[in-house]
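Contents: one structure, followed by commentary.
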Amino acid sequence: MSQPQKITLLGGTGSIGGSTLDIIARHPDRFSLYAVSGYQRVQELADICQQFEPAFAVVPDEKAAALLTEKISHLSTQVLTGAEALEQIASDETVDIVVAAIVGAAGLLPALAAVKAGKRILLANKEALVMSGQLFMDEVKRSGAELLPIDSEHNAIFQCLPDLGTHFDDASLSKSGVSQILLTASGGPFRGFTSEQLSEVTPEQAVAHPNWSMGQKISVDSASLMNKGLELIEACWLFSVQPEAIQVVVHPQSIIHSMVAYNDGSVIAQMGNPDMRTPIAYGLAWPERIDSGVKTLNLFEVAQLNFEPADEVAFPCLALARQAFTLGGTAPAILNAANEIAVQAFLDRKIGFEQIPVLCRYALDAIAVEPADTLDVILASDRKAREVCEPYLEHLAVHRVKAQ
Ligand code: NAD
Ligand code: MG
């Protein structure tokens, strides 16, 4: 029997990280954890090392390294530190598969390192692709990396397409008779809320997603529909289509994970219980299918599937993302950075939920968009957006206090 495939898991202590480890543990004959990273939860990372004994564990700094080393000194796992170590474990030549599950812009460089090294990459870290779309996809093409989406919607779309491999060009979908991609959205916890109601919501309400259990940042993004905006951009890059080819469909039950419409009138949907282990197992084993531990869908329990358009007036983030993609260049990277700042400020109770799109719009207006030809330009636009947002954040916070 062949050796298990070696996996690097970037962001092992997160929600996607946990679901990935669950699949790896179910299939020790097929997969082994070669390297893992964590950021703040050292005890969780130590527990992962205890269970899987990877060759490498990466933490952000010496302090975390000392803590982790103390906890796992009886293991063969080597502890590494810093952002370069993330790139090292993502591109290590013995690694077969890299799961990119760090949240936010921090995941860009290691995801790109995996791409450059020609790995199979399971992409959860949508922000990486949003920031660097063209550059990322050019590298995928150049290196021959196998990019498999595990964001549930994109994984569903991939499953609903004919077998085109993992590389798409501008004509791939139209040549296959695809007329539209139907990107589903749950609508989040505030579906149906008016703008006034949205200005009253708390971080606790925002992170309580009705169907999915996820990290804090993506939960807030789901509540603001920025997640759907980032996913729209993600889909444009992954499948080489324009935003006009994608319709967002709010489907509150999250049973259909997305659909593909064909020009003969067929609409193919991928359905299942909302559990990220399905797309992760699919990406790990593709083109085979393996047990993921997810229960088969019971349609009688589901009973109803509903659909409605997204409310882009109360939830301006979706339109902002579409605009940023159309502006092109560094605009999506600017939007992404501003959103990361805004979400953190909302979670820290500095600004209101309704001020998230205000900050994003401000950053897009304040910073000149440049062609996103190089990584340096992209990273500089990310930094610039964060710099510009900080003082404006204070301004928003003051106005909010006055309003209350
Ligand atoms: P999470 O917050 O649960 O986990 C994030 C992981 O990233 C953790 O392991 C954390 O240690 C690590 N991390 C955080 N900041 C870091 C930094 N500065 N440097 C290095 N590592 C850092 O998030 P999650 O819900 O697992 O989401 C991870 C990614 O997957 C996000 O991009 C999200 O949009 C995407 N995604 C998540 C889900 C989901 O169901 N959770 C679904 C689709 C896509
Ligand atoms: Mg998704």
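The values are calculated or read from the model by the stated rules, or taken from the named source; none is laboratory data. Keep in mind it's a predicted model, so treat the numbers as computed, not measured. Every residue, glycine as well, gets a Cβ built from its backbone with ideal geometry; the counts of neighbours run over all protein chains shown. To get the accessible areas, we keep the full protein, side chains included, count just its heavy atoms, and leave off ligands, DNA and RNA. Shrake-Rupley method; radii C 1.70, N 1.55, O 1.52, S 1.80 Å.
Listed values, structure above:
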| quantity | calculated |
| --- | --- |
| Positions within segment 285-320 being more than 18 Å from Ile255 (Cβ to Cβ) and of a type in the set (Val, Ile, Thr), in sequence order | Ile290, Val313 |
| Complete set of residues in segment 162-185 that are touching a helix residue (DSSP H, G or I) at 6+ places or on another chain (Cβ under 7 Å) and modelled with pLDDT of 95 or more | His167, Phe168, Leu173, Gln180, Ile181, Leu183, Thr184, Ala185 |
| Lone unmet requirement of (1) under 30 Å from Met271 (Cβ atoms); (2) in a helix (DSSP H, G or I) for Ala345 | (1) |
| Inter-residue pairs, beta-carbon under 7 Å, first over 17 Å from Ser91 (Cα atoms) and among the acidic types (Asp, Glu) and in segment 130-159, second in a strand (DSSP E or B) and within 14 Å of ligand 1 (Cβ to nearest atom), 6+ apart | Glu153/Leu183; Glu153/Thr184; Glu153/His257; Glu153/Ser258 |
| Leading residue by the ranking (farthest from Phe315 (Cα to Cα)) among those in segment 201-215 that are at pLDDT 95 or above and open to solvent by 60 Å² or more (accessible area, probe 1.4 Å) | Glu204 |
| Answer residue from segment 71-97, given it is among the small types (Gly, Ala, Ser) and at negative phi and is surrounded by the most Cβ atoms within 10 Å (Cβ to Cβ) among those | Ala90 |
| Residues within segment 306-335 that are surrounded by fewer than 14 Cβ atoms within 10 Å (Cβ to Cβ) and touching a strand residue (DSSP E or B) at 6+ places or on another chain (Cβ under 8 Å), tallied | 3 |
| Val103 being near ligand 1 (Cβ under 10 Å from one of its atoms) and either in contact with a His (Cβ under 9 Å, 6 or more places away or on another chain) or more than 25 Å from Gln3 (Cα to Cα) (or both) | yes |
| Matching residues in segment 214-255 - criterion: being under 18 Å from Pro279 (Cβ atoms), within 14 Å of the chain's Cα centre (by Cα) and not in a helix (DSSP H, G or I) | Met214, Gly215 |
